[in-house]
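The values are calculated or read from the model by the stated rules, or taken from the named source; none is laboratory data. Owing to the predicted nature of the structure, the values given are computational and were not obtained by experimental measurement. A quick note on method: Cβ atoms are made from the backbone with ideal geometry, for glycine too, and the neighbour counts reach across all protein chains shown. Note: accessible area is taken over every heavy atom of the protein model, side chains too, but ligands, DNA and RNA are not part of it. Shrake-Rupley method; radii C 1.70, N 1.55, O 1.52, S 1.80 Å.
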Amino acid sequence: MRYHNILWDWNGTLIDDAVTSLNCVNDMLTEMNKPLISLEQYYTYVETPIIGFYRHILTEDELDFPVISKSFHDSYNNRIKETFLADNAEITLKTLKEKGAKQYIITATKEESARNLAFQYGVGEYFEGIFGADNTLAESKIERALSFFKKNNINPRDTLFIGDTLHDLETANALGVDCILVTYGHQGKEITENSGTVVVDNLNDVLDIILDDRAVDFHTHSTCSDGTLTPTELIKHAESVGLSAIALTDHDSVDGIEEAILASKDTNLEFIPGIEFSVTADTEIHIIGLFIDHKNKTLLKTIEKTRSQRKGRMEEICEKLRAHGFEITYEEASKLAGGDFLGRAHIAQLMMNKGYVETVKEAFDKYIGLNKPCYAVKKEITPKDAITAIRSAGGLAFLAHLHQTKFDNERLYKLLKELKGYGLNGIEGYYTEYSDENIAEFRTLAQKLGLFYSGGSDFHGSMKPKVSLKTGYGDLHIPYSTLSTLKRLKSKI
């Protein structure tokens with residue numbers, strides 16, 4: 001089983017009480033002789049801390065929160081018989097406990113109340129711990145969750161948070177863990193489906209996702225750019241390592257797509273046509289395209305533009321290397337590449353073959369990477385060009401390996417906001433080189449902008465010998481539910 005620690009929200013997730021809560025709010029509004037609100041309004045107004053919710057329906061003079069809180073909880077207690085466990089909650093909890101998962105409740109509800117209710121509903125025995133608030137103000141649960149993580153040394157890579165609101169997703173992102181939101185809770189289907197994370201309608205689907213060990217990889221390369229496996233070999237390798245879906249995302253090229261489609265036909269693999277554009281910028285920016293029509297005219301024209309300018313850039317890098325004492329020529333690198341595509345990785349490989357560096361990574365880190373002495377600025381296409389081409393081809397566009405920008409969170413947020421304006425759909429929320437901190441920071445930024453997650457190993461074969469398909473450095477796992485979420489997104493645009 002992929003996840004060993006399961007964090008549960010209580011209200012709206014394990015208990016189905018959104019309508020009960022709405023009725024409690026309307027009880028108060030009735031007493032105050034104010035207009036009642038609908039369930040749709042309730043979904044829109046819900047936020048954390050909960051005082052923000054009441055600002056939508058009361059004036060500042062009426063915001064006596066201790067009085068409001070008492071009114072709500074008195075009404076909730078009176079209506080407790082109207083509230084039930086969510087469908088299949090007990091069997092889900094029981095099954096996960098039997099599978100060895102450690103389960104916890106992280107809630108904004110007062111801790112004593114949450115604990116009493118868990119046992120009252122007959123599910124308290126399934127939890128290792130219940131962590132709630134020390135008051136009835138329904139404040140942020142992030143600090144409690146972070147404290148719990150630190151105290152118990154929880155591994156975010158094998159942890160899942162299940163909730164029903166954007167604040168639950170915010171909490172999961174702060175922890176750097178995967179998240180599932182249910183649609184029957186306190187923010188409804190429309191808001192949760194636009195959140196960027198995995199969304200389900202019931203706990204049966206939650207259990208299916210948790211027990212589903214299938215993995216996907218949306219960032220790979222073949223010999224049609226700077227990988228060392230042909231598209232056919234890549235598909236065979238993907239099948240051998242147990243992938244369920246794979247995207248081929250060669251640099252500035254779709255030359256391998258047809259071959260990969262043909263090779264995947266007699267397999268159980270789901271193949272996604274893709275591309276990775278390198279764009280001109282003051283930092284390292286690559287745009288991944290998934291689900292593209294690789295024959296689209298706008299896409300092909302953009303690729304041709306990159307090819308016409310790439311040769312000059314590679315020649316410039318080789319010239320700079322020679323100026324630094326390395327006998328590296330464009331012709332030698334092209335011969336090594338063996339095809340129409342020549343990239344920096346091929347030049348790095350040539351440097352390694354000649355004994356100038358020990359690894360491809362060393363060549364990038366010391367000489368040909370961004371801001372290194374032999375780097376040449378990209379002059380091909382802009383980020384807007386790349387995103388426009390991908391979207392014109394019916395694809396989804398994602399910013400790849402965000403850590404390579406070297407931007408702090410403020411600059412990265414501005415970049416993502418700009419790219420979203422051009423049509424960016426998301427980020428690589430999973431990537432081989434991400435630290436736990438990277439995951440938490442990048443997903444938090446993505447949520448602020450309503451961006452979705454893709455991800456991949458960035459597999460290149462022997463060009464990056466330590467990076468394995470599917471697992472990256474060994475602990476990468478991109479769940480199949482990620483693909484389902486992206487399919488949902490694609491169906492809406």
> Which of the residues spanning the stretch 296-310 are open to solvent by less than 30 Å² (accessible area, probe 1.4 Å) and hydroxyl-bearing (Ser, Thr, Tyr)?
Replying inline: Thr302, Thr306
>> Residues to consider are Leu451, Leu445, Leu402; find the one that is under 11 Å from the mean Cα position of the chain (by Cα) and without any contact (Cβ under 8 Å) to a residue 60 or more places away in the chain.
In response: Leu445
>> Quick check on this structure: which one of Ala376, Ala363 is open to solvent by less than 10 Å² (accessible area, probe 1.4 Å) and part of a helix (DSSP H, G or I)?
In response: Ala363
> Does Gly429 satisfy the condition of being closer than 29 Å to Lys297 by Cβ and either open to solvent by less than 10 Å² (accessible area, probe 1.4 Å) or touching a Gly at 6+ places or on another chain (Cβ under 6 Å) (or both)?
Replying inline: no
> Hey, does the stretch 410-426 have a residue that's touching a residue at least 40 places away in the same chain (Cβ under 8 Å), touching an Asp or Glu at 6+ places or on another chain (Cβ under 9 Å) and not hydrophobic (A, V, I, L, M, F, W, C)?
Replying inline: no
> Among the residues of the stretch 224-243 satisfying the criterion of being out of contact with any Gly (no Cβ under 6 Å at 6 or more places or on another chain) and of a type in the set (Val, Ile, Thr), which is least open to solvent (accessible area, probe 1.4 Å)?
Replying inline: Ile235
> If only one of Gly163, Gly132, Gly100 is in contact (Cβ under 8 Å) with a residue 24 or more places away in the chain and surrounded by fewer than 16 Cβ atoms within 10 Å (Cβ to Cβ), which one is it?
Replying inline: Gly100
> What number of residues within the stretch 31-72 satisfy the criterion of being of a type outside the set (A, V, I, L, M, F, W, C), open to solvent by less than 90 Å² (accessible area, probe 1.4 Å), farther than 24 Å from Val182 by Cα and not in a loop (DSSP other than H, G, I, E, B)?
Replying inline: 3
> Got at least one residue in the stretch 276-295 being surrounded by fewer than 18 Cβ atoms within 10 Å (Cβ to Cβ), within 23 Å of Gly423 (Cα to Cα), among the aliphatic types (A, V, I, L, M) and in contact (Cβ under 8 Å) with a residue 12 or more places away in the chain?
Replying inline: yes
>> When you check Thr388 against the structure, is it part of a helix (DSSP H, G or I), surrounded by 20 or more Cβ atoms within 10 Å (Cβ to Cβ) and among the polar types (S, T, N, Q), yes or no?
In response: no
